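> My questions will all concern the structure given below.
What follows is calculated from the coordinates using simple rules that are stated; it is not laboratory data. Everything numeric here is computed off the predicted structure, so don't read it as measured data. When we count neighbours, we look across all protein chains shown, and the Cβ atoms used for this are built from the backbone with ideal geometry, even at glycine.
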Amino acid sequence: MEHIFASRLSIVKPSPSMAAKARVDALRAEGRTITDFTLGEPDFPTPAHIVEAGVEALRHGQTRYTSSTGTPQLRQAIIAKLKRENHLDYAMDEIIVGNCGKHIIFNAFAATLNKGDEVLIPTPYWVSYPDMVALNDGTPVIVDCDIKDGFKLTAAVLEKHITPKTRWLVLNTPNNPSGAVYTAQELHALCDVLLRHPHVWIMTDEIYEHFVYGAQHVSPLQVEPSLSCRTLIVNGVSKSYAMTGWRIGYGAGPRALIKNIALLISQSTTCPSAVSQAAAVVALNGPQDCVREAAALFAARCERIVPLLNAIPGITCLKPDGAFYVFPSIAGLIGKITPQGQTLNNDADVMMYLLEQAGVATIDGTSYGKQSHLRFSFATSMEEIEIGCKKIHDAVELLNA
């Protein structure tokens, strides 16, 4: 049977986030109590007024196909949002709606990459970027970003990695998993490099833009509008409005790119869910109090989890500037010996030890391009944060040098 499967599958890994969720679900099915820091989704329900908009859409028969680019109402709402919040101007044919942000990213790569084309992906990166590049015959070029630079790409490092084969730079701000947020000055420096290399496009993933702590989200096009002819902004409603299951993301970019992404959607998924699009219109156009309340909640959780992790011997945690993740170094635990006599040789070993010994689920940093780290999502209750960190502390106390 193996001969039927495409060879490209051999270079693609399952999503570590989904694998972690499956692991947690299996342990819970066995009766284990697991504190789960793995999933990157808000732990509260979609706001009631957005849910009601979806219900009303169902009642009024919005259950049919829509345009492959998305409904005019939602695209107009996206245009208004980009103008209102990001001070960016787009036309209707420069907006595309997908089944999620990942859907837009995947189709953008499918529309632009030929075999051997390179995509620059700074570390630490969202786990799906390299595999989506590889699935579309591109070559992911992993660009290491040092902790001394706040896990952010610098102009000098960017310049060093650009080649004639470079097609895209993927920039995720605020960043998953590190929480790094690029300042306007830092983006200016990166844009200056890109201006010298007109063959390089920029994909800016801004899905966590509303969750910043003492920082300000800035889109690259706000500092260098001339790059609009080769920039794709990717965003969506999943995080800001607790709508992960509604599956609505969007892209804003040059009309030729948007047209080709729409072509691919028309021949694959046809269109996003009509009901979800109707709810997303209300999310974007309606009151934004729910977004501000969510941001304040995550900020409070951030203030709690960072000192709790830093109080654990062997763990060092930088405070993130955005998103709802921390990405602590667990280098101080590497080489330790478990009560069962096993040596913790890497971050994956530490991850499994915390899961089995403490009942705490995290994701290894290697999956994000950075060894000796773990990713924690603090999109969970304050009680779970405190319980989980206490369990980790107790498990670390059991380790031997």
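> Which residue, I34, I50, F5, has the largest displacement toward the positive end of the dipole of the stretch 1-57 when charges sit on each Cβ (Lys, Arg +1; Asp, Glu -1)?
Value computed over the given set: F5.
> Using alpha-carbon pairs under 8 Å, 6+ residues apart, how would you state the relative contact order of the chain in percent?
Details: 770 pairs, mean separation 89.7, N = 401.
That works out to 22 percent.
> Next up: Of (i) 61, 54, 53; (ii) 68, 46, 43; (iii) 62, 55, 41, which is the value of Cα extents along the principal axes in Å derived from the coordinates here?
Step by step, Cα extents along the principal axes in Å for this structure corresponds to label (i).
> GNM on the chain, C-alpha springs below 10 Å: top fluctuator among F44, F106, F376?
Taking springs between Cα atoms under 10 Å, the residue moving most is F44.
> Let me ask another. Which trypsin sites (Lys or Arg not before Pro) does the stretch 106-188 hold that lie in a coil by DSSP with at most 16 other beta carbons within 10 Å?
K115, K165
> Further, regarding this structure: So between S268 and D146, what do we pick up on full extension, going 0.36 nm a residue minus the alpha carbon distance?
Taking S268 through D146 to full extension adds about 40.0 nm, to one decimal.
> Holding the Cα-Cα limit at 29 Å, pick out from K83/K148; K83/K370; K239/K336; K83/K165; K21/K160; K81/K102 the pairs that are longer than that.
Values: K83/K148 35 Å; K83/K370 36 Å; K239/K336 37 Å; K83/K165 34 Å; K21/K160 37 Å; K81/K102 20 Å.
The pairs that break the limit, which is 29 Å between Cα atoms, are K83/K148; K83/K370; K239/K336; K83/K165; K21/K160.
> Still on this structure, please answer the following. Given Cβ point charges of +1 (Lys, Arg) and -1 (Asp, Glu) and nothing else, what value in debye, to the nearest 20, does the dipole of the chain about its Cα centre take?
For the chain, the charge dipole is close to 720 debye.
> If you place +1 on the Cβ of every Lys and Arg and -1 on the Cβ of every Asp and Glu, how big does the dipole about the Cα centre of the stretch 208-293 come out, in debye to the nearest 20?
In debye, rounded to 20, the stretch 208-293 gives about 300.
> Using a Förster radius of 56 Å, what is the FRET efficiency between A331 and T63 based on their Cβ-Cβ separation? Nearest 0.05, please.
Between A331 and T63 the formula returns 0.60.
> Over the alpha-carbon set of the stretch 1-141, work out the extent along each principal axis and list the three values in angstrom, largest first.
Dimensions of the stretch 1-141 along the principal axes of its Cα atoms: 48, 45, 35 Å.
> With each pseudo-label sitting 7 Å past Cα toward Cβ, what's the D137-E386 distance in nm, one decimal?
The answer from the label model is 5.6 nm.
> Ok, one more. May I ask for the distance between the Cα centers of the stretch 129-159 and the stretch 1-48, given as a whole number of Å?
What the calculation gives is 24 Å, centre to centre.
> Hey, another quick one. Among the trypsin sites (Lys or Arg not before Pro) in the stretch 15-63, which ones are in a DSSP loop with at most 12 other Cβ atoms within 10 Å of the Cβ? Mind listing them? Before the final figure, lay out each step's value.
On the way: sites: K21, R23, R28, R32, R59; in loops: R32.
Here the sparse-neighbourhood loop sites are R32.
> Calculate the spin-label point distance for S226 paired with K83, positioning each point 7 Å from the Cα along the beta-carbon direction, and give it in nanometres.
2.6 nm
> Mind giving me the nanometre distance, one decimal, between the label points for D289 and E52, set 7 Å out from Cα along Cα→Cβ?
Rounded to a tenth, the inter-label distance reads 1.2 nm.
> Among 170-179, 34-43, 342-351, how do they line up by average Cβ neighbours within 10 Å per residue, starting with the highest?
Details: 170-179: 26.8, 34-43: 20.8, 342-351: 18.7.
Highest mean packing first, the order is 170-179, 34-43, 342-351.
> Let me ask something else. Quick one: Karplus J couplings for the stretch 303-318, per residue in order, coefficients 6.51, -1.76, 1.60, θ = phi - 60°, nearest Hz, x for Gly and Pro?
These are the phi-based 3J(HN,Hα) values: 5, 8, 6, 4, x, 5, 5, 5, 7, 8, x, x, 10, 10, 10, 6 Hz.
> Still on this structure, I have one more. So what are the ³J(HN,Hα) numbers for the stretch 35-48, from phi and the Karplus equation (6.51, -1.76, 1.60; θ = phi - 60°), rounded to whole Hz, Gly and Pro as x?
8, 9, 10, 9, 7, x, 9, x, 8, 10, x, 4, x, 4
> Mind checking the full-extension length gain between M18 and A299? Use 0.36 nm per residue of separation minus the Cα-Cα distance, one decimal, nm.
Numbers: separation 281, 0.36 × 281 = 101.16 nm, distance 2.53 nm.
Computed gain between M18 and A299 is 98.6 nm.
> With a/c under 1.5 counting as rounded, go ahead and sort the stretch 79-205 into rounded, prolate or oblate using the C-alpha gyration tensor (a ≥ b ≥ c being the square roots of the eigenvalues; past the cut-off, prolate if a/b is larger than b/c, else oblate).
Cα axes put the stretch 79-205 in the rounded bin.
> Please get the size of the charge dipole for the stretch 250-401, origin at its Cα centre, with Cβ charges of +1 on Lys and Arg and -1 on Asp and Glu, quoted in debye to the nearest 20. Walk me through the numbers before you get to the answer.
Working: 11 positive and 13 negative charges, 116 e Å.
Here the size comes out at about 560 debye.
> Note down the relative contact order for the stretch 246-397 as a percent, whole number, built from C-alpha pairs under 8 angstrom at least six residues apart.
Dividing the mean separation by the residue count of the stretch 246-397 yields 19 percent.
> Once fully extended, how much extra length lies between R255 and D43, figured as 0.36 nm per residue of separation less the alpha-carbon to alpha-carbon distance?
Stretched out fully, the R255 to D43 stretch lengthens by 72.7 nm.
> Who wins for biggest fluctuation among G253, G31, G322 in a Gaussian network model of the chain, springs between alpha carbons below 10 Å?
In this elastic network of the chain, the residue with the biggest mean-square fluctuation among G253, G31, G322 is G31.
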